[in-house]
1. For region 343-386, what percent of Cα pairs sit more than 14 Å apart?
2. Rg and Dmax of region 1-160, using alpha carbons, in Å: what are they?
3. Ranked highest first by average number of other Cβ atoms within 10 Å, how do 39-46, 221-228 line up?
4. Could you give the radius of gyration (one decimal) and Dmax (whole number) of the Cα atoms in region 34-78, in Å?
5. For region 156-164, just list the computed ³J(HN,Hα) in residue order, Karplus coefficients 6.51, -1.76 and 1.60, θ = phi - 60°, integers in Hz, with x standing in for Gly and Pro.
6. Go through region 369-444 and name the GluC sites (Glu not before Pro) that are in a DSSP coil and have 15 or fewer other Cβ atoms within 10 Å of their Cβ.
7. Would you mind putting 112-125, 347-360, 369-382 in packing order, based on average other-beta-carbon counts within 10 Å, highest first?
8. Give a residue-ordered list of calculated ³J(HN,Hα) values for region 139-150 (Karplus: 6.51 cos²θ - 1.76 cosθ + 1.60, θ = phi - 60°; whole Hz; x for Gly, Pro).
Amino acid sequence: DPETNQTITSILDEASSGFIERDQQGTANSFNYNYWSSPVSLKGAANNSTYTVEKVMLDGTTSTNPKGLSFEAWHEYADGALSTPRKISSYWIHKFRGTADRYSEWVHIGNDGILNAAEGYTMKGTSGKSAIEDRQNYVFKGKPNNGNIDLTISTGQNYLLGNPYPSSININKFILDNLSDVEGGTHSRNVFNGAVYFWDHFAGGDTHILLEYIGGYATRNLIDGVPAISNDYRIKANDDQGNKIPGLFIPVAQGFFINSSGVDAEVAVEGGDVRFRNSQRAFVRESTADTGNSVFLKPQEHVKQSGTSDTRPKIRLDYRSPMGYHRQILVGVDPNTTNGFDLGYDAPLNDYNLEDMYWVIGGKEFVIQGVPDFDLDQTLPLGVKINEEGEILIKINKLENVGDEVDIFIKDVDENTYHDLREAEFSISLKKGEFPERLVLVFAEELETGTDDDKPYDDKDDPNPDGEEVNPIDPDVYFLKNSSELIVRNPELQKINKITLHSLSGQVIQQHAEIPTQKEVRLPVRGYSSSVYIVKMHTENKIISKKLILNR
């Protein structure tokens, strides 16, 4: 059994004539792509040998009695009624290793073209206009791949790869085994940009016309994953959004893209040997009863594997454009990151929309970013692009390990306004164009902060020096950083019964009573951590509240 015996140090006899059968399911719809990679090579051949699709991939409709698939070159061969054995159009079977973003460099291989172990390929389904959730079972039959597998990517390329083993692999270990300039990286060079991309072909297209495909690329890096949307610049986008978030484990036979284009001038991405190792393998099931996060080939609930709980704070934002494009982006806190570009933690945008939203780092676009903190002075620029004048919406999709005390605002830099995303979604009408940093995600409004100005109250500052009858001026309060004091300015000498200092959760953490009735009062503040607090001044008639940043 390869799932129990093929360990890091396992040896598979080159002369072995044995084989395994490994089931996997893909979409049955013959208009939709799956991206595959075989977990086996040819029976009786050398370990990890080359293979062809027709020699290793069988019709698994009856799992206990797999049959050869029926391949024909006609592009509509599988679009009709179901047959036995199942039909596959070899017209749609391709591989890719070429210039990043150059669609013309796909290579047609059909059912009998040669593939290397760990190379991926595209293939459409068996069953015409089946629902996207309808599955076709396949059986991979052959000598199990095992041990070290290396493929070469040049700089500036995309490469369609896949999990080459008959067990899942840990995506973080795969990333780290192919990077050098990152904590835990084991390679001698940065082979790729640190992000892994998974094609997700949505329902609703039922067409073989490229411009009408509905799909996009889900993305995963060392922070986490985000779903695909129907947003590739070559395809027709609609209101669909993917529900498949790539998890920690890449399942058996799953294909994926890596990209060796450089992202930052100070971080070299050089290409080189892409390494697959037994140490990346993880013997987890694809059932939600066990982990749930090993599945990408079919949508399932995203839950944590026992013993691998991720406690890092994360914020997922959803965007909807005037034309109905959707995008989810993610930011997470990790101690290995900075506010600049971090290889393996910042995932570049891989598919460009007519309308889109993304994080902006160094003037470039990202769908995932890692940052060191969500502190009060943290600012995370958002880029927005729209092709049609209208309203955009931004909202919180999900917060993970983010405490209730953390405020989350969208700041409109042009208008100098703040919108509390915890209270409601943000909307704004924009003209056609690109807005590279007009909107910023921040964690505090522009509140009064501590100051080193120790200037005492001056009667010249009195708003009513001549004693004319005007509306009363309420007391105000500031924080003096150099002496850790609250400065209460009370020009109208209102009676203040008490002043309380609250955490954002509402807890009273300090209280002052018997406040002198004078134009300036100084009150000591204990050594609390730098954060946003609420000061409440209880007068004879009302309670006056003010948020302050106690900035130590």
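The values are calculated or read from the model by the stated rules, or taken from the named source; none is laboratory data. Computed from a prediction, not measured in an experiment: that's the story for all the values here. As a convention, Cβ positions derive from the backbone with ideal geometry for all residues, glycine included, and neighbour counts pool all protein chains shown. Keep in mind that these areas ignore ligands, DNA and RNA; they rest on the heavy atoms of the full protein, side chains included. Shrake-Rupley method; radii C 1.70, N 1.55, O 1.52, S 1.80 Å.
1. On the way: 466 of 946 pairs.
So the pairs more than 14 Å apart make up 49 percent of the total in region 343-386.
2. In order Rg, Dmax, the Cα atoms of region 1-160 give 16.3, 48 Å.
3. Packing proxy ranking, top to bottom: 221-228, 39-46.
4. Gyration radius and largest Cα-Cα distance of region 34-78: 12.4, 36 Å.
5. x, 10, 9, 9, 7, 10, x, 5, x
6. The qualifying sites are GLU388, GLU389, GLU405, GLU415, GLU423, GLU425.
7. 347-360, 112-125, 369-382
8. 10, 8, 10, x, 6, x, 5, 7, x, 6, 10, 10
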